[in-house]
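A quick write-up on the structure given underneath.
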Amino acid sequence: MFPTKVARAAGTGASVPVECCQVCGHAPLETVLSLGYMPPVNQMVPIGQVPRQQPWFPTDLLYCGKCELVQLGLAVDPVIIFPPEYPYTSGTTRLLRDNFADLCAESGAMLKLTPQDLVIDIGSNDGTLISNFQKAGYRVLGIEPTEVGKIAAGRGIPTLTRYFTPAVAAEVKREHGPARVVTAANCFAHIEDVHSIVEGIIDLLAPNGVFVSESHYLIGLLDTFQYDTVYHEHLRYYSLASLAHLLGMHGLEVFHARPIPSHGGSIRVYAARRGVMPIQPSVARMLAAEPRGDAMRARLKAFRNDVLLSKLRLMSLIRDYKEKGMRICGISAPSRASTLFNYVGLDDGIIDYVCEIAGSLKIGKYMPGTSIPVVEESRLFSDQPEVAIIFSWHIADELAPKLRAKGYRGKLVTPLPVPREL
Ligand SMILES: [Zn+2]
């Protein structure tokens with residue numbers, strides 16, 4: 001039933017090209033966009049370390065004409081893209097914290113959860129999502145492969161430091177019983193062996209259990225030219241149609257879906273075993289609004305052109321600043337900035353440094369693929385460079401007033417969706 005020749009990079013210590021669809025096995029896939037070669041976003045070299053060779057990986061987006069999935073053209077061994085010192089923590093932005101609180105409130109009310117119910121979060125990171133369910137009084141367990149899981153454990157959130165596999169699912173179920181809710185926020189598009197992950201999730205779910213996933217949304221990505229979210233952690237870029245197809249292959253039915261603001265535009269999708277939950281009108285409404293087949297091909301072609309123009313416009317803006325002798329720094333170093341820096345070609349001649357809030361694990365390292373240092377944000381206020389480009393542009397509305405309140409007086413610029421001064 002499930003394709004067997006799908007690319008598997010885990011254990012290779014390297015990468016494997018995606019030559020047929022990761023979900024349905026269809027080949028050949030159609031190339032949508034090529035961003036060139038990119039370094040892994042989470043292997044940041046400490047400042048001052050002697051430069052050594054680093055791997056760079058081809059970064060292409062491919063489209064499956066059969067199941068509508070847009071996917072990365074290369075699977076990289078998780079050991080390379082999720083190193084143990086993985087510096088991303090999800091608790092750091094207000095928008096994400098608010099979203100996870102909303103997920104807990106929405107699902108608690110809709111599913112009428114009770115204190116006996118077990119909620120399991122896959123890819124639980126620093127525990128930001130699951131802590132909401134814990135505070136609401138449910139039994140909880142986080143499953144997280146990286147060291148960041150220890151932050152959650154330190155806060156008293158039960159956390160298993162393991163990669164999620166069907167074997168781990170079986171072990172968890174033996175120990176804790178079946179789950180009423182399994183959540184996977186911003187990781188369901190990352191794990192390469194997606195069919196065994198879904199099987200593991202189904203094994204964990206009680207008969208009336210519900211799987212809630214949050215993923216970056218393909219349609220929003222196309223709308224706002226978010227090519228910067230294309231990097232090797234993100235193997236798949238779901239529309240509701242492609243996600244529903246994947247879950248349907250395993251007997252799961254989507255019964256509610258809605259857009260959420262996370263990461264510049266995501267979808268929250270609720271699924272259960274077929275027939276268990278009444279299907280809400282949101283599902284048909286979202287599906288009807290998505291292009292498919294030739295309409296999707298046309299949409300992807302337009303996207304490719306828009307991405308190119310966006311790069312040229314940003315360079316044009318930067319060129320004007322540099323002609324005037326202005327100093328340019330960056331605000332925040334999210335993973336997505338790595339793709340933007342390397343696709344546009346920003347180097348330490350253009351960007352003097354990138355600021356992160358005190359405490360960030362990225363401070364003291366170079367931006368991936370460059371010699372641009374990441375420094376503590378206080379430098380921005382003492383230095384007052386003429387221009388600051390916000391690389392977490394999807395939360396620019398949250399960041400800009402804070403930067404002004406703290407005393408930054410220069411120009412604030414967003415690189416996407418349209419390069420412009422705020
Ligand atoms: Zn497919």
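The values are calculated or read from the model by the stated rules, or taken from the named source; none is laboratory data. This structure is a prediction, so every number in the text was calculated from the model and none was measured. Neighbour counts run over all protein chains shown; Cβ positions are idealised from the backbone, glycine included. These accessible areas exclude ligands, DNA and RNA; they are computed on the full protein's heavy atoms, side chains included. Shrake-Rupley method; radii C 1.70, N 1.55, O 1.52, S 1.80 Å.
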If you average the sequence gap of Cα pairs under 8 Å that are 6 or more apart and divide by the length of the chain, what percent do you get for the contact order? 14 percent
Anything over 32 Å Cα to Cα? Flag those among LYS5/LYS301; LYS150/LYS173; LYS301/LYS324; LYS324/LYS362, in the order listed. LYS301/LYS324
Nitroxide proxy distance, nm - points 7 Å out along Cα→Cβ at ALA289 and THR165: 4.0 nm
Considering the dipole of the chain built from charges on the beta carbon (Lys and Arg +1, Asp and Glu -1) around the Cα centre, which of VAL16, ALA27, VAL181 is farthest to its positive end? VAL181
The percentage of the accessible area of the range 148-219 (probe 1.4 Å, all protein chains present) made up of carbon and sulfur atoms, to the nearest whole number, is 59 percent
Given a 1.4 Å probe, how much area per residue of the range 266-422 is accessible, in Å²? 45 Å²
Nearest 5 percent is fine: what portion of the DSSP beta bridges confined to the chain is antiparallel? 50 percent
Ellipticity estimate at 222 nm from DSSP helix runs (n ≥ 4, -39,500 (n - 2.57)) divided over the chain, nearest 500: -9500 deg cm²/dmol
Pick out which of SER131, SER338, SER107 has the largest mean-square fluctuation in a Gaussian network model of the chain, springs linking Cα atoms closer than 10 Å. SER107
Most to least packed among 214-222, 6-14 [average Cβ atoms within 10 Å]: 214-222, 6-14
If you place +1 on the Cβ of every Lys and Arg, -1 on the Cβ of every Asp and Glu, and leave all else neutral, what size is the dipole of the range 89-196 about its Cα centre, to the nearest 20 Debye? 360 debye
Among GLU171, GLU377, GLU144, which one shows the biggest mean-square fluctuation in a GNM of the chain, springs joining Cα atoms closer than 10 Å? GLU171
Sorted by packing (mean other beta-carbon atoms within 10 Å per residue), highest first, where do 404-414, 32-42 land? 32-42, 404-414
How much accessible surface does TRP56 have with a 1.4 Å probe, in Å² rounded to 10? 100 Å²
Which Cys in the chain stand alone, with every other cysteine's Cβ at 4.7 Å or more from theirs? CYS20, CYS104, CYS187, CYS329, CYS355
Pull up the DSSP beta bridges for the range 143-295 and report the antiparallel fraction as a percent, rounded to 5. 65 percent
Share of carbon and sulfur in the accessible heavy-atom surface of the range 279-422 [1.4 Å probe, %]: 53 percent
Quick one: plug the Kirkwood hydrodynamic radius of the range 284-387 (C-alpha pairs) into Stokes-Einstein at 20 °C, 1.002 mPa s, and report D in µm²/s. 135 µm²/s
What size of dipole, in debye to the nearest 20, comes out for the chain about its Cα centre when the only charges are +1 on Lys and Arg C-beta atoms and -1 on Asp and Glu C-beta atoms? 520 debye
Burial order of peptide ranges 314-325, 16-27 (average beta-carbon count within 10 Å, highest first): 16-27, 314-325
